[in-house]
1. Taking the Cα centre of the chain as origin, sum charge times position over the Cβ atoms of Lys and Arg (+1) and Asp and Glu (-1), and report the length of that vector in debye to the nearest 20.
2. Pick from 43, 59, 17 the residue whose mean-square fluctuation is largest in a GNM of the chain, springs joining Cα atoms under 10 Å.
3. Using alpha-carbon pairs under 8 Å, 6+ residues apart, how would you state the relative contact order of the chain in percent?
4. Run the numbers for residue 69 and residue 1: contour at 0.36 nm per residue of separation, minus the present Cα-Cα distance, in nm.
5. Can you compute 3J(HN,Hα) from phi for each residue in region 33-45, using the Karplus curve 6.51 cos²θ - 1.76 cosθ + 1.60 with θ = phi - 60°, rounded to whole Hz and x for Gly and Pro?
Amino acid sequence: MKLIAFKHVSSYRFLLTFENGETLEADLQALIGHHVDLDALDTARLDADWGCLEFNGGTVDIEPKTLFRFAGGRSETRVAA
């Protein structure tokens, strides 16, 4: 599950779009607040190869599955019928 797009909404809030088509809004402060200052949130970028959200030139990154779960996305697990 890769992140394919994002938009910084305000403060630590981001709108996140994943390759499964889900778009979720999440407050990432609990996840990155100790590593990324408010004034560094504009360093956010998408690593297209890995599908992760990066900050501070790549010194802080969030693995896409972790980001998806943190944002409250649907489970990727499927149950056999």
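We did not get these values from a lab; they are worked out from the coordinates using the rules stated. Only a predicted model underlies this, so the values are computations on that prediction, with no experimental measurement involved. Glycine also receives a Cβ, built like all others from the backbone with ideal geometry; neighbour counts cover every protein chain displayed.
1. The dipole of the chain has a size of about 360 debye.
2. Greatest mean-square fluctuation among the candidates belongs to 59.
3. Rounded, it is 26 percent for the chain.
4. Details: separation 68, 0.36 × 68 = 24.48 nm, distance 1.05 nm.
Stretched out fully, the residue 69 to residue 1 stretch lengthens by 23.4 nm.
5. With coefficients 6.51, -1.76 and 1.60, one gets x, 7, 10, 10, 6, 3, 6, 9, 5, 6, 8, 4, 8 Hz.
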